[in-house]
Amino acid sequence: MCGIIGCVAEEPVAGILLEGLRRVEYRGYDSAGMATISGGRLGVKKGAGRVSEIEGRHRMSSMLGSTGMAHTRWATHGGVTDANAHPHASCRETVAVIHNGIIENYIPLRKALRAKGHRFKSETDTEVIAHIVEDEYKRLGDPLKSTLAAVKKLKGQYAIAVLFQDRPDVMTGARKDAPLIVGVGKGMTFLASDVLAFIGYTDRTIFLDNYEVVEITKDSVRIVGLDGKKVKREPNQVAWELSDVSKSDYAHYTLKEINEQPRTVVSAAVQDQEKLEEFAQAVRKAKSLYITASGTSYHAGLLMKFRLNKEAKLRADVVVAGELKEHTEFLGKGSVVVALSQSGETADVMEAVKEAKKHGAKVYSIVNAAGSTLARESDGVLLLNCGPEVGVAATKSFTAQVVVANLVVDAVLGRKHPNGLAELSDAVAQALKCEGQVQELVRQYRDRPDFYFVARGYESPVAMEGALKLKELSYIHAEGMPASELKHGTLALIEKGTPVVVINPSGPIHAESLSNAEELKARGADVIGISDENDEVYRHYIHVPRVQPKFAPIVEAIPLQLLAYHMSVARRNDPDYPRNLAKSVTVK
Ligand code: AGP
């Protein structure tokens, strides 16, 4: 869950690296660092803190050299300290490495290296790689071969980039279970963990596969497999543009992404009809059907299951991705696993996919990042088409997932042409107008220690999503659950003034949810109703437009996202980079 950017160019790279580093900072923001080669010397500047702090302290942007790499860290092994920040250099400081992932066998490797006289400067698992490459480079004298020899000794997950002091013309890299992408520009070549890192310079990309090792120069790319045999791969063009990754006039990416939704709910519905039909056929014919995902994507999966059960009369198990391996009794040949993921890189999701394949199941995915590991390893893929999502909190990707999941269910039901999208877009735009009301709620409840979110039926996952958003952005304790569950325990926690959000669209479950709202009010709760229909039980009411029931979670999610965002700002958090989290969770 770290961000990697490396560049070999004809021109100084420090500015390019810093720009790229800021764009991958969403992947981890505990520490940052940069290494370049200039005048035959490998220089490293790094430290604990956000990219802007390290730049302020060390002026990374002033580093000289036309070959360099940079890293943002999300700590796994070793605390958040200056010494543990990447890049890590070898003993003689002739080799430097940046890494995303976990080296599982670093303890025996470190022991063996120490016995050979290597001295370690950090507590990280990563540092062993620098020392191993140094040894192999001494033995083999070739950057690509020594990187290949080094990664053969590693167990675990890695995407790495390596610099060699006496070879300022090259950089090497390797990947296993963590993303590493080559960017092929004019007179410059990149290695990065996300296309966003170099999108301003090139949109021509090569996605490396597991067990591949690469050597880049400013105008060449050489890829080999673990057997050392050459791999031929042409660059592909990616659809994302630089404008997609700027904040425009918004204070934060999160707010920009929330406000993009009137457009992204429509773009998500633009799908290749053949691929959609193939996906639907697979779902329809599955001997057993699983839906798997993590976090927000899991909530979208729950919504998908609801309609598959109720309308398509198909049975589906929705399992949190990190738990799928414990639920494999009905997984086998003929099974289908539908995986949802914004990033397409979540380690838990990839592990679930591995498990599914091991049992002979087919995997169909709904993903935002084209070219991501999940997209490439699936038997069928539908993309979210909502553009890059930089804010750590999933917002527009959630509503896009709901749109695409609905398309799949509609196709399963034989309804081919999506309708009502223009109305949905207008409804989302209308829902966004509640921002002022939400800010008023924030003023009133910003110091409350707890928040609850409840709903019934199809909207229950929306309640869970509202709680997740508030937790991760505001750090307020929040719980989301079916309203029917309140009386089985949670009511004991309700006291005078406890804010409880009741998501309650008009329709068959409306009256029952109102009864729950009454029960809450009777126990002192301040009930906040989110609905297309007001009721006197609500102390506060946020109106959302009436839409087709299958789209209701989309408009209901808008005030919940705004609540989490403004609560975060009011509590002086950084909504784009909430503490302890990272956008792409590539560790298990
Ligand atoms: C959402 O706001 C969270 N940041 C998180 O729960 C996220 O949805 C989860 O980590 C799954 O990510 P993915 O969709 O990229 O697989």
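In the range 81-182, the DSSP beta bridges split such that about 100 percent are antiparallel, to the nearest 5.
Rounded to the nearest whole angstrom, the semi-axes of the ellipsoid equivalent to the range 361-500, taken from the Cα gyration tensor as √(5λ), stand at 32, 18, 17, largest first.
Each residue of the range 146-158 was assigned a 3J(HN,Hα) from its phi angle through the Karplus curve 6.51 cos²θ - 1.76 cosθ + 1.60 (θ = phi - 60°); the sequence is 6, 5, 4, 5, 5, 5, 5, 8, 8, 10, x, 10, 7 Hz, with glycine and proline shown as x.
Cross-link reach is defined here as a Cα-Cα straight distance under 25 Å, omitting same-chain residues fewer than 8 places apart; for Lys285 the lysines meeting it are Lys275, Lys305, Lys310, Lys313, Lys325, Lys333, Lys354, Lys357, Lys358, Lys362, Lys416, Lys550. The distance separating the Cα centre of the range 33-49 from that of the range 117-175 comes to 16 Å. Derived scalar couplings between HN and Hα for the range 456-461 equal 10, x, 4, 8, 3, x Hz in order, rounded to whole Hz, by the Karplus curve 6.51 cos²θ - 1.76 cosθ + 1.60 (θ = phi - 60°), x for Gly and Pro. Extents of the chain, taken as max minus min of Cα coordinates on every principal axis and listed largest first, are 76, 51, 43 Å.
Close amide-amide hydrogen proximity is noted between Thr124 and no other residue 5 or more places distant or on a separate chain, at a cut-off under 5 Å (H modeled in the peptide plane; Pro and chain starts excluded).
How much of the DSSP bridge set in the chain is antiparallel, in percent, rounded to the nearest 5? Taking every DSSP beta bridge within the chain, about 65 percent pair in antiparallel fashion. Element breakdown for the range 139-215 at a 1.4 angstrom probe: carbon and sulfur atoms account for 47% of the accessible area. Taken per residue, the accessible surface of the chain reaches 38 Å², heavy atoms only and a 1.4 Å probe. In order along the range 568-581, the phi-based Karplus estimate (6.51 cos²θ - 1.76 cosθ + 1.60, θ = phi - 60°) of 3J(HN,Hα) comes to 4, 5, 4, 8, 6, 8, 9, x, 6, 10, x, 4, 6, 10 Hz; Gly and Pro are listed as x. Using a probe radius of 1.4 angstrom, the carbon and sulfur fraction of the accessible surface of the range 292-400 is 51%.
Note on the range 308-384 and the range 470-524: Cα centroid distance 31 Å, given to the nearest whole angstrom.
Apolar share of the accessible surface for the range 433-574: 49 percent from carbon plus sulfur atoms, 1.4 Å probe. Pairwise inverse Cα distances across the range 433-574, averaged and inverted, put the Kirkwood hydrodynamic radius at 14.6 Å. For the range 203-259, the number of Lys pairs separated by eight or more positions or lying on different chains, with C-alpha atoms closer than 27 Å, is 4. Taken over the range 1-154, the convex hull of the Cα atoms encloses 101 Å³ per residue. For the chain, the longest principal axis of the alpha carbon atoms and the long axis of helix 510-522 meet at an angle near 90°.
The values are calculated or read from the model by the stated rules, or taken from the named source; none is laboratory data. None of the values given here were measured: they were computed from a predicted structure. For the accessible areas, the whole protein counts, side chains as well, though only heavy atoms, and no ligand, DNA or RNA atoms are used. Shrake-Rupley method; radii C 1.70, N 1.55, O 1.52, S 1.80 Å.
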